[in-house]
Amino acid sequence: MGGFFAVAAKEDCVFDLFFGTDYHSHLGTRRAGMAVYSREKGYDRAIHNIENAPFRTKFDKDVNQMQGNLGIGCISDYEPQPLMVRSHHGTYAITTVGKINNTEQILKEIFSKGNPHFLEMSGGDINPTELVASIVNQKENIVEGIQYAQEIIDGSMTLMIMTPKGIYAARDRLGRTPVAIGKKDGAYCAAFESFAYLNLGYTPVRELGPGEIVVIEPEGVHTLVNPGKDMKICTFLWVYYGYPSSSYEGISVEKMRYNCGALLSKRDNVQPDIVAGVPDSGTAHAIGYANASGIPFSRPFIKYTPTWPRSFMPTIQTQRNLIAKMKLIPVHDLIQDKSLLLIDDSIVRGTQLRETTEFLYQSGAKEVHIRPACPPLLYGCKYLNFSRSSSEMDLITRRVLKEIEQEGRKIDLKDYVDPDTPEYEDMVNRIGKQLNFTSLRFNRLDDMIEAVGIDRDKLCTYCWDGRE
């Protein structure tokens with residue numbers, strides 16, 4: 001995944017850029033960068049590895065040295081960026097958030113037009129942001145280049161390009177990720193997370209529409225390409241990735257999670273002693289469940305954050321599992337001999353939640369009922385880099401379905417999407433048994449969509465039902 005922040009100001013923008021970018025630290029774990037432009041000094045840029053230290057620690061010296069009235073910053077889970085590019089468009093800085101599924105096809109086309117080479121990253125992959133810049137450079141002007149990139153990329157691509165005249169911001173063609181605009185006296189900004197500019201004195205202006213391209217200047221924001229009519233914003237942003245204080249398409253993340261928990265409770269038939277959320281992403285869902293059901297909300301374990309403030313660190317999965325376990329400190333008086341109903345945002349591999357459940361049993365829990373806030377994940381995301389998983393077989397649902405298939409049963413995924421089929425019930429029961437839950441019940445897709453509260457056709461639900 002990743003996040004971004006941009007500022008165009010009449011005065012120096014580095015302070016706002018630094019803190020606005022830092023407010024996106026929950027969206028990425030590996031690289032972060034800032035690029036600024038001033039008429040006096042031209043471009044300046046800094047990129048750092050943030051795998052073992054937070055953004056503010058790595059960029060505290062840069063923020064005191066950089067100067068500029070235009071700036072873009074990013075948090076990235078993969079590639080180093082922003083990149084500085086020199087082309088027939090002049091010199092510009094570029095940052096992107098998205099996913100490119102047809103990299104090889106695009107590379108072949110660009111090579112055929114005379115582009116000599118691309119730099120490989122340490123893992124041997126091409127930097128997607130560099131590839132996007134090369135696509136943009138195929139056209140006569142930047143706006144046409146952005147449109148061309150949106151047209152040929154299979155996946156999604158939201159991007160920002162900073163030139164000496166202003167900052168181009170383009171939301172991906174179907175609006176799978178957001179771009180929020182804010183303003184204050186003498187400055188305008190753009191952010192992935194809408195809350196990121198509030199404490200910096202900006203007030204909300206609007207969100208860009210799907211495929212909309214604007215240019216941001218200190219004096220205002222001007223639309224260059226009007227938004228399209230079709231939108232498929234990622235529903236998982238509300239369920240998990242979005243920060244609680246954010247909102248997308250006018251829908252509060254925190255409020256959606258309360259709604260989610262409330263709808264979960266209305267279909268449940270267990271009577272636990274307490275309701276709890278897996279910190280931190282399950283907490284709001286659990287509050288919604290508790291408020292609607294009347295069952296007390298409690299915190300039977302506390303996340304230790306002073307030295308582990310970041311939710312994704314480190315990047316190696318086995319180490320992440322260990323750290324996730326180390327961060328949770330039990331409150332034995334709230335666990336001993338209790339029946340617990342635990343809400344997490346989702347079940348992906350199931351490893352961490354199984355270990356959490358065992359941890360609760362070892363701490364004296366009598367029962368552990370698990371209620372994920374979203375339906376079973378059956379498909380790997382084609383549109384956003386939510387995970388480093390290389391295969392859908394990393395999903396516990398797919399592993400269970402493989403077992404069923406090996407028993408001689410034919411698998412039709414549609415049967416396992418519908419929560420009212422015996423096939424779905426069998427899959428859920430097997431998952432619950434494997435992970436040693438007292439009971440398992442997923443949120444229904446229709447209830448989750450109702451919790452968001454916008455038109456079903458405007459939401460991307462591909463990871464749950466395969467619907468593109």
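Since only Thr356, Gly175, Gly228 are under comparison, the one whose Cα sits farthest along the positive direction of the charge dipole of the chain, derived from C-beta charges on Lys, Arg, Asp and Glu, is Thr356. Relative to the longest principal axis of the Cα atoms of the chain, the long axis of helix 253-266 lies at roughly 20 degrees. Packing, taken as the mean count of other beta carbons within 10 Å per residue, orders the peptides 84-91, 127-134 from highest to lowest as 127-134, 84-91. Of all DSSP bridge pairs formed entirely within the chain, close to 85 percent run antiparallel.
Count charges around Thr163 for me, please; just the other residues with Cβ under 13 Å from its Cβ, Lys/Arg as +1, Asp/Glu as -1.
+2
Counting only Cβ charges, +1 for Lys and Arg and -1 for Asp and Glu, the dipole size of segment 363-468 around its Cα centre is about 460 debye. Could you state the number of Å between the C-alpha centres of segment 242-275 and segment 349-411? Spelled out, the Cα-based centre of one part sits 20 Å from the other.
Dipole size of segment 2-231 about its Cα centre, with +1 on Lys/Arg Cβ and -1 on Asp/Glu Cβ: approximately 160 debye, rounded to the nearest 20.
Extending 7 Å from the Cα toward the beta-carbon at both Arg467 and Gln434 defines two label points whose distance is 2.6 nm.
For segment 138-239, rounded, prolate or oblate, judged on the Cα gyration tensor with a ≥ b ≥ c (square roots of eigenvalues), a/c < 1.5 rounded, else prolate if a/b > b/c? Present the calculation step by step, with values, prior to reporting the outcome.
Details: a/c = 2.23, a/b = 1.17, b/c = 1.90.
Oblate, because a/c is 1.5 or more while a/b does not exceed b/c.
Over all other residues within a Cβ to Cβ distance under 9 Å of Pro419, the charged ones net out to -3, with Lys and Arg as +1 and Asp and Glu as -1.
Choose one of Ile287, Asn52, Tyr379: the residue whose Cα lies farthest towards the positive end of the charge dipole of the chain (beta-carbon charges +1 Lys, Arg; -1 Asp, Glu; about the Cα centre). With unit charges placed on the Cβ atoms, the residue in question is Asn52.
Find the centroid of the Cα atoms in segment 13-56 and in segment 173-191, then give the distance between the two in whole Å. A separation of 17 Å, based on Cα centres. Taking the chain as the reference, fit the longest principal axis to its C-alpha atoms, fit the long axis of helix 103-112 to the helix C-alpha atoms, and give the angle between the two in degrees, 0 to 90, nearest 10. It works out to around 20 degrees. Packing, taken as the mean count of other beta carbons within 10 Å per residue, orders the peptides 164-173, 218-227 from highest to lowest as 164-173, 218-227.
What relative contact order, as a whole-number percentage, does the chain give when Cα pairs under 8 Å and 6 or more residues apart are counted?
Details: 1009 pairs, mean separation 58.0, N = 468.
About 12 percent, as a whole number.
If you fit an axis through the alpha-carbon atoms of helix 55-65 and take the longest principal axis of the Cα set of the chain, what angle between them do you get, 0 to 90°, nearest 10? Value to nearest ten degrees: 20.
I need the shape label for segment 251-465. Rule: rounded when a/c is under 1.5, else prolate if a/b > b/c, else oblate, with a, b, c from the alpha carbon gyration tensor.
Working: a/c = 1.35, a/b = 1.24, b/c = 1.09.
Note, shape of segment 251-465 comes out rounded.
With contributions of -39500 (n - 2.57) from each DSSP H run of at least four residues, the per-residue ellipticity at 222 nm computed over the chain stands at -8500 deg cm²/dmol. The dipole here belongs to the chain: it is taken about the Cα centre, uses +1 on the Cβ of Lys and Arg and -1 on the Cβ of Asp and Glu, and is about 560 debye.
Every number in this text was worked out from the coordinates using simple rules, so none of it is lab data. No experiment lies behind these values; they were computed from the predicted model shown. Positions of Cβ are backbone-derived with ideal geometry, glycine not excepted, and every protein chain shown enters the neighbour counts.
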